[in-house]
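These notes are about the structure you will find just below.
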Amino acid sequence: MNILEYENQIISDAQQYKAKISRDIWGVPHISGARDADVAFGLAFAHAEDDIKNIAENMYLYRAQMGLKDGSSGAVIDYLIKALKIRERVEEQYQEVLSDDVRSVLEAYATGLNYWMVKNPNNSFKKHFPFTAKDIVAGFAIQNLLFSGVVSSIQSLEKLEDSSGQSFSNLYEKDDLVTGSNAYAISPSKSSDGSTRLMINSHQPLEGPLAWYEAHIKSEEGLNMMGGLFPGSPFIFVGFNENLGWGFTVNKPDLTDIYKLVINPKDKDQYLLDDVWLNLEKETIELPVKIFGPINWTVKREVKYSKHGPVLEIGEKSYALRFAGMEDIKQVEQWYKLNKANNLKEWINAMRMRSIISFNGIYADKKGNIYFLHNSSSPKRLEGLDWSGIIDGTRSKYIWETFVEFDEIPQILNPSSGWLASTNQDPFKVTDPKDNLKKENYSQTLGLQTRMTNRAYRIKELFMGKDKITEKDFDDFKFDNSYSINSRSYHYVSENFGLNFENENLKKGQTILRNWDLKTDFDNESATLGVCVLSPEWLAEQAAETPPESEESFKTCVEDTLKNYGKLNPKWSERNFMYRGKKKIPVQGGPDVLRAIYGLEQEDGDLKAVGGDGLYIHVSWDKEGNQESKSIHQYGSATQDESSSHFSDQLELYIDEKYKPTFYKEEALKRNLEREYIVPFKSSL
């Protein structure tokens, strides 16, 4: 098929859909259509208008072609994806395990992206076209690598064995900035006016393939969701409809096991299982790799498989890999069911699918229900064994096949305290102590985290400090920029308080830290030094590593602060910034505070916000069930086009810690409409 025939085929395919794209005064697309498939087609086209770059470049990952993008470092990721046979599973299971409804949505979405390509022939991403529905399914399946902990488990193993240096890291650019999230809710009993309130505040990189995009999708088949999604998704990941809403936060249950194999010394292709030498299955995979410039090379690598899963040969040792969701492609099905849910029962039934293998969920609805779920597709493991380390690969009884039952994972419905909060913390500390679950009632094989974030301490202190919560309180909690005296961060900084220094600069720095009120507001003269000192501990905790001595961090920060600012007490507004195009504006907040701002140090010592608070949404239902909603994006809806008025039109509201209306209701949208158009365009007929 030549290019003209191909383009005509896309135009013909597009004629089976019809979607209306209504962009509000902030440029946010509200897409409507008769069918869910029509809406998916329109969403793809609208999102491509705003961010085709990240949608298209995701294809490197989805197609296991990272080697063509990043060279040998990318090929390591391709190896893992191909060893897990993700694309093969999609090909084999697409028709069998996905419903007709979901496939129709996926195919419409792919057609919408291809239609955008035909209508914009001078784009820079044509090499990635055509998109297919199977590309989208593969992308969702690959997300399990990011959220199962498998990559970090392999990295830990590599460090332990001092391997060659190739690392299974950076599945996504800036994936290390997926550092946490907030979601919290109150029921009518805790609210000053009898409202139910939900705060949706997942933290993501501020740019790239994991940055939030805001959209509203509505069909005559019952779909009416608004919220955040990532490039390449036909579904809303966090958001609300007229009846309910939810936020997700990252959790870290133990979903991955690495087994140490015993290899036959007489035959390196055999391993011991239940006292019998079994043959490893072997396959050869091809990995395209960019050498330099336009020159590529295809490398062939052998992959071995045991009954546990694919085998990793690290140093002189062999390990097998097994993790939750490694054979599952039904994430798209579960996201679709969540987007279609209209009450608590339907939402929970969607979560019972277990294809979304992790995330904490905070749910609220117009009936006044609030609900916490420590979602995890935790393997059904043999009790009595320490599953936190390397597992004996010589016994088949350790090879799990199923998950624990949904009702066996932590969840709380309508606590008497009237509040729930998830901030990536211990799942047994998400509400008032009298309502929290008891850890001893859950299997140790779940490997549930016991960490407490600073955000967890602060939200608990804020909720328990007030009998009733007003709307203003609820928003003020979101923008709280303080560290708790109970937090690891404070304890780490305070280790310097009692030390004896002779150096005058160290003495001055010590006084600045002692006088810190633990806030990260604009005029704070202790935050620059304080955040600098606590950051190494926070980064080490994120990487499950031992932090440097606090005194060492303190001395380094004193030296660096003096070098960069000529003083030890610059205001936080002199150090912490949002960058967007030519704009550079101070911002309040910092790492692991509820006003989450994660900065990357620039050459001049200033911090550039690169992760944390992106899109966040406050949705509420009053006593009569009437809904209100407001949101803000860190930049604006036009994520790539600097010439657009929506490239950074929300930035100053974001800096001022204010919201914009969502215009979710049809009458509000009509009054605040910027432009409206139908796709496919009539000119293509």
**Filter pass, ILE154 being modelled with pLDDT of 90 or more and not small (Gly, Ala, Ser)** = no
**Fill in**
In the range 594-634, residues that are crowded, with 24+ Cβ neighbours inside 10 Å and farther than 30 Å from LYS460 by Cβ total 0
**Prompt:** Among the residues of the range 579-609, which ones are β-branched (Val, Ile, Thr) and closer than 22 Å to GLN542 by Cβ?
**Reply:** VAL587, VAL593, ILE597
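Residues that are free of Cβ contacts under 8 Å to residues at least 40 places away in the same chain and more than 22 Å from ALA350 (Cβ to Cβ): which strands (runs of 3 or more DSSP E) entirely in the range 228-280 hold 3 or more of them? Spell out the reasoning first.
Working: elements: 238-240, 244-249, 256-260, 267-273, 276-279.
Fully inside the range 228-280 and qualifying: 267-273, 276-279.
Do any helices (runs of 4 or more DSSP H) entirely within the range 25-107 hold 3 or more residues that are within 25 Å of GLU333 (Cβ to Cβ), and if so, which? Write out each step before concluding.
On the way: elements: 36-62, 66-70, 72-83, 86-97.
In the range 25-107, 36-62, 72-83, 86-97 are the helices (runs of 4 or more DSSP H) which contain 3 or more residues that are within 25 Å of GLU333 (Cβ to Cβ).
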**Elements of type strands (runs of 3 or more DSSP E) in the range 558-677, at least 2 residues being farther than 16 Å from GLN204 by Cα and within 26 Å of the chain's Cα centre (by Cα)** = 576-580, 583-586, 616-621, 627-632
**Request:** List every residue pair whose Cβ atoms lie under 6 Å apart, where the two residues are 6 or more positions apart in sequence or sit on different chains, the first residue falls within the range 417-435 and is touching a residue at least 24 places away in the same chain (Cβ under 8 Å), and the second residue, located anywhere, is buried (at least 18 other Cβ atoms within 10 Å of the Cβ) and basic (Lys, Arg).
**Result:** GLY418/LYS190; TRP419/LYS190; THR423/ARG455
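Take the residues in the range 365-376 that are more than 15 Å from TYR442 (Cβ to Cβ) and in contact with a helix residue (DSSP H, G or I) (Cβ under 9 Å, 6 or more places away or on another chain); name whichever of them is surrounded by the fewest Cβ atoms within 10 Å (Cβ to Cβ). Can you show your working first?
We begin by selecting, within the range 365-376, every residue more than 15 Å from TYR442 (Cβ to Cβ); these are 365-371.
With in contact with a helix residue (DSSP H, G or I) (Cβ under 9 Å, 6 or more places away or on another chain) added as a condition, the list becomes 365, 367, 369, 371.
Values: ASP365: 25, LYS367: 14, ASN369: 17, TYR371: 22.
So, considering only residues that are more than 15 Å from TYR442 (Cβ to Cβ) and in contact with a helix residue (DSSP H, G or I) (Cβ under 9 Å, 6 or more places away or on another chain), the one surrounded by the fewest Cβ atoms within 10 Å (Cβ to Cβ) is LYS367.
Condition first: touching a His at 6+ places or on another chain (Cβ under 6 Å) and of a type in the set (S, T, N, Q). Now tell me which residues in the range 600-654 satisfy that. Give the steps one after another, and end with the answer.
First, pick out the residues of the range 600-654 that are touching a His at 6+ places or on another chain (Cβ under 6 Å): 612, 615, 630, 636-638, 650.
Residues satisfying the conditions are SER637, GLN650.
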**Fill in**
Given (1) of a type outside the set (A, V, I, L, M, F, W, C); (2) under 23 Å from the mean Cα position of the chain (by Cα); (3) on the phi > 0 side of the Ramachandran plot, ASN58 misses just (3)
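One line per residue, one yes/no per condition, for (1) outside any strand (DSSP E or B); (2) out of contact with any Ser or Thr (no Cβ under 7 Å at 6 or more places or on another chain); (3) in contact (Cβ under 8 Å) with a residue 60 or more places away in the chain:
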position	(1), (2), (3)
ALA350	yes, yes, no
ARG354	yes, no, no
ILE362	no, no, yes
PHE372	no, no, no
GLY389	yes, yes, no
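Would you confirm whether any residue within the range 665-681 is buried (at least 21 other Cβ atoms within 10 Å of the Cβ) and among the aromatic types (Phe, Trp, Tyr)?
To start, the set of residues in the range 665-681 that are buried (at least 21 other Cβ atoms within 10 Å of the Cβ) comprises 669, 679-680.
Restricting the remaining residues to those that are among the aromatic types (Phe, Trp, Tyr) gives none.
The answer is no, given that none of the residues of the range 665-681 is buried (at least 21 other Cβ atoms within 10 Å of the Cβ) and among the aromatic types (Phe, Trp, Tyr).
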**Of all residues making up the range 527-557, the number that are among the hydroxyl-bearing types (Ser, Thr, Tyr), within 22 Å of ILE597 (Cβ to Cβ) and within 31 Å of the chain's Cα centre (by Cα)** = 3
**Request:** Please verify whether the range 322-333 includes one or more residues that are outside any helix (DSSP H, G or I), touching a residue at least 60 places away in the same chain (Cβ under 8 Å), out of contact with any His (no Cβ under 9 Å at 6 or more places or on another chain) and open to solvent by 30 Å² or more (accessible area, probe 1.4 Å).
**Result:** yes
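To keep it simple, each residue is scored yes or no on (1) over 30 Å from ILE236 (Cβ atoms); (2) over 28 Å from the mean Cα position of the chain (by Cα); (3) open to solvent by 20 Å² or more (accessible area, probe 1.4 Å).
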site	(1), (2), (3)
TYR271	yes, yes, no
TRP277	yes, yes, yes
TRP297	yes, yes, yes
GLU302	yes, yes, yes
TYR319	yes, yes, no
TRP335	no, no, no
ILE357	no, no, no
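I'm checking my understanding of the structure. Among residues of the range 416-433 that are among the hydroxyl-bearing types (Ser, Thr, Tyr) and in contact with a strand residue (DSSP E or B) (Cβ under 6 Å, 6 or more places away or on another chain), which one is nearest to ASN375 (Cα to Cα)? Explain how you work it out, then say what you get.
Filtering the range 416-433 down to residues among the hydroxyl-bearing types (Ser, Thr, Tyr) leaves 416-417, 422-423, 431.
Retained after the next criterion (residues that are in contact with a strand residue (DSSP E or B) (Cβ under 6 Å, 6 or more places away or on another chain)): 422-423, 431.
On the way: SER422: 12, THR423: 14, THR431: 17 Å.
Per the stated criteria, the residue is SER422.
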**Request:** Scan the range 125-141 and report the pairs whose first residue is farther than 14 Å from ALA64 by Cα and part of a helix (DSSP H, G or I) and whose second residue is of a type in the set (D, E, K, R) and open to solvent by less than 10 Å² (accessible area, probe 1.4 Å), with Cβ atoms within less than 6 Å and a gap of 6+ or a chain change.
**Result:** none
**Request:** Identify, by number, the condition in (1) touching a strand residue (DSSP E or B) at 6+ places or on another chain (Cβ under 8 Å); (2) open to solvent by less than 10 Å² (accessible area, probe 1.4 Å); (3) closer than 24 Å to SER124 by Cα that ALA44 doesn't meet.
**Result:** (1)
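The values are calculated or read from the model by the stated rules, or taken from the named source; none is laboratory data. On a predicted model such as this, the values are computed, not experimentally measured, just so you know. Glycine also receives a Cβ, built like all others from the backbone with ideal geometry; neighbour counts cover every protein chain displayed. Side chains included, ligands, DNA and RNA excluded: accessible areas come from the protein's heavy atoms. Shrake-Rupley method; radii C 1.70, N 1.55, O 1.52, S 1.80 Å.
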